[in-house]
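Have a look at the structure below before the remarks.
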Amino acid sequence: MFRIASACCLAFVLASAGCAHVPTEKELRSSEIHYDLGVQAQQHGHVQDALAEYQKALEQNPDNPEAHNAVGILLHLSFRRLDEASTHYEKALKLRPTFSDARTNLGNLRLDQGRYDEAIKLYEEALNDMQYRFAFSAQGNMGWALYKKGDTANALQNIKAAVTTNPEFCLGFRNLGIIYDETGKTEEACRQFANYREKCPDAAEAYHREGVCQAKLGQVDAAKKAFAGCEAKAQPNEQVLKDDCHQLLEHL
């Protein structure tokens, strides 16, 4: 009797598995279209619309790794729902184990969570992909994870390698400036913040960091210019930063 029941259960499981929905060509195409619409919305700063489109893409094709990665990015960076973001990054990697973008993004999430060893391992795996276009990002962020662990020498080595590979990597120059500033090398910090500002001339934070650094060196006129630049470049959602730059400018 037990064997008969087990056989019946097995038959039911197999039948159920056989009934799993496989997306049609129309659904696959619809998923791609919604994903593309999500990318466009995200590029224009419409994160809610982007998330809605990515979710529609997953409704049409739950196995769309690009859409899972995109949802993960929004949940991680825009909505700060880290556990949900992690689930989507991991799903993207399960669907496409060679998806280095998703692996780096998961590393960035682990970095934000303070899980530095896990982040470093993910970055190292991404760097093993010889065709990965954004390897400089993985290496630069791995350097930051190493710094947060207390390994300043290797941190600097990796971030310097990242900005050498991609001289437009603003975050790398920013992080170099922070490391030099926090380790008492103010002049070098100012040079790196200047690189940050030159490479990202529309980033108000770059002017703010350079101005603070210049003020430490007693370069009052240069600092005033930097804080004025910060005020001018600050976006509507950066009012706190804009106010801070205004106050610093007034106190010089």
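Quick one: in segment 136-160, which of the residues that are crowded, with 17+ Cβ neighbours inside 10 Å and among the aliphatic types (A, V, I, L, M) is farthest from the chain's Cα centre (by Cα)?
Per the stated criteria, the residue is LEU156.
Looking only at segment 179-194, how many residues end up being surrounded by 19 or more Cβ atoms within 10 Å (Cβ to Cβ) and β-branched (Val, Ile, Thr)? Explain how you work it out, then say what you get.
Filtering segment 179-194 for residues surrounded by 19 or more Cβ atoms within 10 Å (Cβ to Cβ) gives 179-181, 189-190, 192-194.
In the following step, the residues that additionally are β-branched (Val, Ile, Thr) were identified as 179.
So the answer is 1.
Identify, by number, the condition in (1) at positive phi; (2) in contact with a Lys or Arg (Cβ under 9 Å, 6 or more places away or on another chain) that TYR123 doesn't meet.
Tallying (1) at positive phi; (2) in contact with a Lys or Arg (Cβ under 9 Å, 6 or more places away or on another chain), TYR123 fails exactly one: (1).
Is segment 127-134 home to any residue that is crowded, with 21+ Cβ neighbours inside 10 Å and not β-branched (Val, Ile, Thr)?
For segment 127-134, residues crowded, with 21+ Cβ neighbours inside 10 Å and not β-branched (Val, Ile, Thr): absent.
Return a yes/no flag: does segment 32-49 have any residue that is touching an Asp or Glu at 6+ places or on another chain (Cβ under 8 Å), part of a helix (DSSP H, G or I) and aromatic (Phe, Trp, Tyr).
yes
Of everything in segment 218-244, what is within 19 Å of ALA189 (Cα to Cα) and assigned to a helix (DSSP H, G or I)? Give them in sequence order.
Those that are within 19 Å of ALA189 (Cα to Cα) and assigned to a helix (DSSP H, G or I): VAL220, ASP221, ALA222, ALA223, LYS224, LYS225, ALA226, PHE227, GLY229, CYS230.
Yes/no matrix, rows are residues, columns are (1) surrounded by 15 or more Cβ atoms within 10 Å (Cβ to Cβ); (2) free of Cβ contacts under 8 Å to residues at least 24 places away in the same chain:
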residue	(1), (2)
PRO23	yes, no
ASP36	no, yes
GLN40	no, yes
GLY45	no, yes
ASP49	yes, yes
ASN61	yes, no
ASN64	yes, no
ASN69	yes, no
GLY72	yes, no
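Go through segment 180-231 and give me each residue that's closer than 28 Å to GLN157 by Cα, more than 26 Å from the chain's Cα centre (by Cα) and among the basic types (Lys, Arg).
Across segment 180-231, the qualifying residues are LYS185, LYS216.
Readers should treat all values here as calculations from the given coordinates under stated rules, not as data from a laboratory. Just so we're clear, the structure is a prediction, and the values are computed from it rather than from any experiment. Cβ atoms come from the backbone with ideal geometry, glycine included; neighbour counts cover every protein chain shown.
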